[in-house]
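One structure below.
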Amino acid sequence: MNQTDATRGRFITFEGIDGAGKSTHIGYVTSLLKGAGKRVVSTREPGGTPLGEKLRDLVLHEKMHLETEALIMFASRREHVAQVVEPAIARGDWVLSDRFTDASFAYQGGGRGLDRAKLDALEQWVHPHLQPDLTLLFDVPLDVARARLSATRALDKFEMEQADFFARVRGEYLRRAAESNGRIVVIDSTQTIDEVRAALQAALESWL
Ligand code: TYD
């Protein structure tokens, strides 16, 4: 991106296993950034565009080959990057995305066992020059996440997976965080809401 740091927006992504509580905290980060005078665009994956939302419905509910699943995640992402993420960053907005490519490495790679080289190739194809400026990884042990998954709403295809699947997803997220040179900040999501908020404020401090 041929733009100075001052005029370019920022790209922040939110990750974690299902039930880690990320949705609760996205609203808080939005209010922190808006309070600091930033223009915020909130979006999600899979989804974030009209076509992407149709793909989301398919991929969260239909049984399919593991590689089909990965390809749909990245097809949705291609549209999202082109239509939403890159234009917003270019006009100086701050993009907050509920999940991005780390989720494909964690779920399709760690969870389902898809070869990492294939995911690397898709990432290079779909967003060779774009990475999140910051990724907030909400981390909880599996039993806490399972207890938080609401019993009152229908679970999607991923949420119905077994504990060993989520153990692999969580392990892959944490492995990526350790190798990320600080891009991925792990937030201990077993803490109280106020403690998590303090951790989020600390992670964003240099930008507020
Ligand atoms: P999630 O973000 O948890 O939404 P909700 O809070 O509405 O349930 O659901 C999206 C699901 O999609 C989640 O289980 C993770 C999965 N997913 C992948 O497997 N790969 C991906 O690349 C992405 C973006 C999501």
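The values are calculated or read from the model by the stated rules, or taken from the named source; none is laboratory data. Nothing here was measured: the structure is a model prediction, and the numbers come from that model. Positions of Cβ are generated from backbone atoms using ideal geometry, with glycine treated the same way; all protein chains shown enter the neighbour counts. Side chains are part of the model used for accessible areas, which takes the heavy atoms of the whole protein and leaves out ligands, DNA and RNA. Shrake-Rupley method; radii C 1.70, N 1.55, O 1.52, S 1.80 Å.
Using C-alpha pairs below 8 Å separated by at least 6 residues, the relative contact order for the chain is 32 percent. Summed over the residues of segment 34-134 and divided among them, the accessible surface reaches 47 Å² per residue at a probe radius of 1.4 Å. Residues TRP207, TRP94, TRP125, ordered by accessible area of protein heavy atoms at a 1.4 angstrom probe radius and largest first, appear as TRP125, TRP207, TRP94. Which value, in Å² and to the nearest 10, is the accessible area of SER31 when all protein chains are kept and the probe is 1.4 Å? Approximately 60 Å² for this residue.
Shown here are the Rg and Dmax of the Cα trace of the chain, at 16.4, 48 Å. Working note: Karplus 6.51/-1.76/1.60 with θ = phi - 60° gives segment 179-196 the couplings 9, 8, 6, x, 5, 9, 9, 7, 10, 6, 8, 7, 6, 5, 4, 5, 5, 4 Hz, where Gly and Pro are set to x.
Using a Förster distance of 22 Å, how high is the FRET efficiency between ARG78 and ASP57, based on the Cβ-Cβ distance and rounded to 0.05? List each step's numbers first, then the result.
Values: r = 17 Å, r/R0 = 0.79.
Rounded to the nearest 0.05, the efficiency is 0.80.
Out of every Cα-Cα pair that segment 1-107 contains, those further apart than 25 angstrom amount to 23 percent.
Per-residue counts of other Cβ atoms within 10 Å, averaged by peptide: what ranking do you get for 184-194, 101-111, highest first? Working shown, then result.
Working: 184-194: 15.6, 101-111: 23.8.
The peptides rank, most packed first, as 101-111, 184-194.
Between ALA147, ALA75, ALA90, the Gaussian network model of the chain with springs among Cα atoms under 10 angstrom shows the greatest mean-square fluctuation at ALA147. Remark: segment 79-92, residue by residue, has Karplus-estimated 3J(HN,Hα) of 5, 5, 4, 6, 8, 10, 5, 5, x, 5, 4, 5, 8, x Hz, where x stands for each Gly or Pro and the curve is 6.51 cos²θ - 1.76 cosθ + 1.60 at θ = phi - 60°.
Would you mind finding the longest exposed-site-free stretch of the chain, with exposed GluC sites (Glu not before Pro) meaning DSSP loop and at most 12 other Cβ atoms within 10 Å?
Working: sites that count: GLU62, GLU179.
Counting at most 12 other Cβ atoms within 10 Å as exposed, the longest clean stretch of the chain is 63-178.
Among the trypsin sites (Lys or Arg not before Pro) in segment 52-124, which ones are in a DSSP loop with at most 10 other Cβ atoms within 10 Å of the Cβ? Mind listing them? All intermediate terms of the calculation are to be shown ahead of the outcome.
Working: sites: LYS54, ARG56, LYS63, ARG77, ARG78, ARG91, ARG99, ARG112, ARG116, LYS118; in loops: LYS63, ARG91, ARG99, ARG112.
Answer in residue order: LYS63.
Projecting the Cα atoms of ALA36, PHE158, LEU114 onto the dipole axis of the chain, where Lys and Arg carry +1 and Asp and Glu carry -1 at the beta carbon, places ALA36 farthest toward the positive end.
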